[in-house]
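One structure is given below, encoded as structure tokens.
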Amino acid sequence: MNGLWARICGTFSRWRRREPRVPLARILKCFRSILARNSEILDLMATMGKALSGDYVFDSHFVHSSCQRLIDLTQSLIHDLNILSGQKYVDLYASLEGIRRRLDAILAGQPSIGDIPYTLFYEDCNRDWIDEVGGKNANLGEVRNVLALPTPDGFVITTRAYHEFMASAGLSDFLTQQLNPWETQDTQALEQRLRDLQRRIEASSIPEKLAREIYHRIETLGRKYRRETLFFAVRSSASGEDTEHSFAGLHRSLLNVPETEVLQAYRQVVASLFTLQAWRYRRDKGFGEHEAAMAVGCQLMVDAVVSGVLYTVDPTAPPHSDALTVSATWGLGPPVVEGNRKVDRFRVSRDPPHALLQMHVVPKTASLISQRDGGTQWVDVSEVDQSRSCLNSQQLNLLASTGLLLERYFKRPQDIEWAFDTSGQLIILQTRPLQINLSDSDICRISDITASAPVLWSGRGDVVQRGIAVGKAFVVQSDEDLKRVPADAIVVARESSPRLAALFRHVRGVITDVGSPLGHMATVAREFRVPTVVNTEIATQLIHTGDPLTLDATQNVLYRGYIKELSYHELTYEEVFEETYEYRLLRRLLRLITPLHLVDPKGTDFTPAGCRTLHDIVRFVHERAVAELVGMNLASFHTSGCQIRLLEIPVPLDLRVIDADGGTVASPDARTLRLQDVTSIPMRAFLAGVVESNLWERTPVAMDFKSFLASMSRTFDTHRVPLEEVGLNLAVVSSNYMNINLRIGYHFNIIDAYVDDRIDDNYIYFRFIGGVTDLTRRSRRARLIGEILDRTGFRVEIRGDLVVGRMKKRPRSTMEHNLGMLGALVAYTRQLDVQMISDEEVVRHVERFMELFRSLWPRPQAAEPQGGSHGQAT
Amino acid sequence: MDKQPKMRVLILDDEPIVCKRMKPSFEKAGYEVETFTDSTLALERIREQDFDVVITDLKMEKIDGMRFLSEVKKRTPTTEVIVITGFATMETAKESFQKGVFDFVAKPFKMSEILDAVRRVEEKRRAARL
């Protein structure tokens, strides 16, 4: 009883607080403006996301102006919500400000200092941190965390730590005052100064907070590996190292350093930044001295049985010689890297199964190994091992396939340091681009070769990830086929699907008939950088398993046959798009823009403070805006001009309607609306679909009455049922306009439409997201809805379980027909994700729905063109 | 095989990323490409060499794209100019077309869009020769 009283009081005070301030017309204007901006923001986010595919040429102006536009729009969105709600959500401004500040910092090229730690475990390391962890560590982070290949465990001491160390030792000033300007002519004096600087670095103490953090990392690793003393390889990873500039052999790396000596080793590695050779190299490569900074990797020592170096392309032969080379010896790797001892050499075919082409085995009398207490030592190799090859064919095969995986990912031939440990596992110690230059004649040849190559198609579909793939086609027709896809195949499938994502690590390319450039699969394709094209419509008809193909997803051309020259051209000539500043900038920004964390409106984090990205804010605002309007109905009081009424329809859909302007003909006193009272053209058409199509009754979901109520929750007395239990179903209508927001359980559906006799203004916007089941089932339903929309002439975008359908500028009859279809679709699909247990179900339901709908509701006379709609309904 | 001389394309955009992205694609498609990020250098170049196609940004430091394209058209009216810009407005588009621009492409654009535009130039020339 008390609860009810409190609710009545609450409702009353809420009404009193808000009601008199803003006229309904203004509120509806805000609401429409929220909806319009909501769509614009989502479109802009999608455009920015697509730019990452590599199919678009964009510049930093685009990145900057898009961010600015997004912030402006979001700001207005918050403003409108606050007008609509009587300033209930002013905290959203603070959430936006927090995100805006971080976006600005990224745009200005200065990640806010709080974001950069002194140290970072390798599991948190990736190329987004390249400036902080150096190129070498960033590459290793990608190998470990994206490609999931074994690398040594450990942590990175970042460039922030370096700057802190140099400043605390008073050496930053020394650098600027004593060593600049660069153009010191007197080599001897410069060398002297550099030596002096190195000595001072090695003698300086490390700031306590930094030292403490390093020891903390070591302790954590000690606990993880349950070892008393850990031994580390302490490796240089300077800014720019192992990128297009190798800095090979210029900086120091120390092997088998006991944990107690890590700090000293750190100082030694830092000091090696200032050898005369390193100094000159930087000058020759055009690095500013202020850019010089040393990050250091502390990696647990690998107990190496055999170590070596792999070049994925033989640098001594023409680039298309089709061979990769391996050098190897027993024990640790330095003898191979330093090149001062004879080691075994192998040439292996780049093509699977990677046949051994050439082998040169030398006598190996000594090997370098880790000493018990730290450091390394030379030991004699047993007589048996001296003359035998230190790698067998299985190991060579694994090296070759791993090397090519790295090459495909980094889009450059790779120079890889590796080791096999005592358990026989292949461990990647470092990987960096191997510079191979194509001659001008090679470049000229490319256009001649492609000009005469048989083209299967050109410019078809949407590029999801650019790049070149050369390989045999494998057409996937069933779930069973997924298990049989050979590594190095180009996968061809009817539709893009999260289930294909599991293949991306090993396949060379992916082509689908239908699919979205923004879906889950697209994200994975970009993560693994696998050339992928979707929406080609005819791939599975034209291509058969075993067909040799070359997919140029950069120009978007598919050739029959192998054109290896194209991959070499890409590997050696084109700028690696994913490594460009603009790409990295956009990717960093998008992390604060597109992820959606606020999926559950009932969740505890569904608050302004819980908004971590712009998408979160947009979602929050929309949800709250609808709730506010519906809330006014609960308060219901017959305020001037405020006509919010429950619609009486013969299906259990609890829908309230606000008549903004001439959308209904009910008497002013009526508290409910009858179907015949609705005069809004789009709303009438939609309701006809919901009611007359009869699909509500035919819905294929078997449900008991209780769960039916729980999901649909037709409220018999809205005043007694708390708002959160009734669902937020609201329609705003006028004579030619309707906006319907349906929230049924976790599903969220918006239909916004304008229908008139003037064709130019007509549009339908349909948006659907959410569900209670797992992502795969929800994605299947998204595909089902997407397919139906596509067949009925909508322009469709699917991202995960979000479906957006758009249609514009069609005659009134077509718009009405399609709104009816949407009504029927809403009725049909409301609980359908529960049934989406297989892909076959998707096809079955699409066919069933289309058949039922066609039989109940034939197309209007002035029918639209048949079939797909891409490009028509723009 | 068709051994006609390659079409010469000049690309001018003050953001290096745009040139870097376009050059390899155009070369792969069989065009002779020169790229410039500095409009004065590009202007010098068009004074010593005729190009079949000039692709230029509009908003740049030094010489503005609109002036650059006027210079190009004045020197060699047969050169087709394609404008690429992130500041697309109806006015700029109109002004560009008044100056005889062949096509107007708003950034960001798909590589295939710009390649198609150049191919259309090629077709137009072929048709004119017949």
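Shape of the stretch A:532-573 from the C-alpha gyration tensor: oblate (a/c of 1.5 or more and a/b not above b/c, with a ≥ b ≥ c the square roots of its eigenvalues). Shape class for the stretch A:262-413, computed from the alpha carbon gyration tensor (a ≥ b ≥ c): oblate, with a/c not under 1.5 and a/b at or below b/c.
Close amide H pairs (under 5 Å, H built 1.01 Å from N) link A:Val306 with A:Gly331, A:Phe420, residues at least 5 positions away or on another chain.
Would you mind telling me the share, in percent, of accessible area of the stretch A:119-300 contributed by carbon and sulfur at probe 1.4 angstrom?
Here carbon and sulfur together make up 44 percent of the probe-accessible area.
Solvent exposure of the stretch A:507-614 amounts to 33 Å² per residue of accessible area, where only protein heavy atoms count and the probe is 1.4 Å.
Our coupling estimate for the stretch A:304-316, obtained by passing each phi through the Karplus curve with A = 6.51, B = -1.76, C = 1.60 and θ = phi - 60°, is 7, 8, 9, 9, x, 10, 10, 9, 6, 10, 6, x, 8 Hz, Gly and Pro reported as x. Phi angles of the stretch A:55-63 translate, via the Karplus equation with coefficients 6.51, -1.76, 1.60 and θ = phi - 60°, into HN-Hα couplings of 7, 10, 8, 9, 10, 6, 4, 4, 4 Hz per residue; Gly and Pro are given as x. Summing charges over all other residues whose Cβ lies under 9 Å from the Cβ of A:Phe768, with Lys and Arg as +1 and Asp and Glu as -1, gives +1.
Add +1 for every Lys or Arg and -1 for every Asp or Glu among the other residues with Cβ under 12 Å from the Cβ of A:Arg844, and state the total. That sum, taken over residues with Cβ under 12 Å, equals -4. Residues of the stretch B:89-108 that bury at least 10 Å² of accessible area when the other protein chains are present, relative to the chain alone (probe 1.4 Å, heavy atoms, ligands and nucleic acids excluded): B:Lys107, B:Pro108.
Based on a Kirkwood Rh over C-alpha pairs, give the Stokes-Einstein translational diffusion coefficient of the stretch B:8-103 at 20 °C and viscosity 1.002 mPa s in µm²/s. Intermediate results must be reported in sequence, preceding the final value.
Values: Rh = 13.2 Å.
This corresponds to a translational diffusion coefficient of 163 µm²/s.
The alpha carbons of the protein assembly as shown give a radius of gyration and a Dmax of 32.4, 104 Å, in that order. Radius of gyration (Cα atoms) of the stretch A:118-262, expressed as a multiple of 2.2 N^0.38 Å: 1.15.
Between the C-alpha center of the stretch A:186-203 and that of the stretch A:305-383 there is a gap of 36 Å.
Using a cutoff of 8 angstrom between alpha carbon atoms and counting only pairs six or more residues apart, the relative contact order for the stretch B:34-130 works out to 23 percent.
Where the only charges are on Cβ atoms (+1 Lys, Arg; -1 Asp, Glu), what is the dipole of the stretch A:304-433 about its Cα centre, to the nearest 20 debye?
Using Cβ point charges on Lys, Arg, Asp and Glu, the stretch A:304-433 gives about 260 debye.
Expressed in units of 2.2 N^0.38 Å, where N is the residue count, the Cα radius of gyration of the stretch A:45-178 is 1.42. Only protein atoms count toward the accessible area here, which uses a 1.4 Å probe; on the stretch A:440-571, the carbon and sulfur part of that area reaches 51 percent. Expressed as a whole percent, the proportion of Cα-Cα pairs in the stretch A:440-571 lying more than 16 Å apart is 57%. The aspartates and glutamates whose alpha-carbon is closer than 12 Å to the alpha-carbon of B:Lys73, local same-chain residues fewer than 8 away aside, are B:Asp50, B:Asp52. Relative contact order, percent, of the stretch A:119-300 when contacts are C-alpha pairs under 8 Å separated by at least 6 residues? Relative CO of the stretch A:119-300 lands at 30 percent.
Think of it as helices only: each DSSP H run of n ≥ 4 in the protein assembly as shown is worth -39500 (n - 2.57), and spread over all residues that comes to -13000 deg cm²/dmol at 222 nm.
Over the stretch A:337-406, Cα pairs under 8 Å with separation of 6+ residues give a relative contact order of 28 percent. I'd like the residues of the stretch B:13-38 whose 1.4 Å-probe accessible area shrinks by no less than 20 Å² going from the isolated chain to the full set of protein chains. Buried by the other chains: B:Glu15, B:Ile17, B:Val18, B:Lys20, B:Arg21, B:Pro24, B:Ser25, B:Glu27, B:Lys28. Within the same chain, lysines fewer than 8 places from A:Lys472 are excluded, and of the rest, those with a Cα less than 21 Å from its Cα are A:Lys411, A:Lys483, A:Lys564. Accessible area buried by the pairing of A and B, both sides summed with a 1.4 Å probe, works out to roughly 2500 Å².
In terms of overall dimensions, the C-alpha atoms belonging to the stretch A:48-94 reach 45, 17, 15 Å along their principal axes, ordered largest to smallest.
The values are calculated or read from the model by the stated rules, or taken from the named source; none is laboratory data. As the structure is a prediction and not an experimental result, all values here were calculated from the model. No Cβ is skipped: glycine too gets one built from the backbone with ideal geometry, and neighbour counts run over all protein chains shown. Accessible surface is based on the protein model in full, side chains and every heavy atom, while ligands, DNA and RNA are left aside. Shrake-Rupley method; radii C 1.70, N 1.55, O 1.52, S 1.80 Å.
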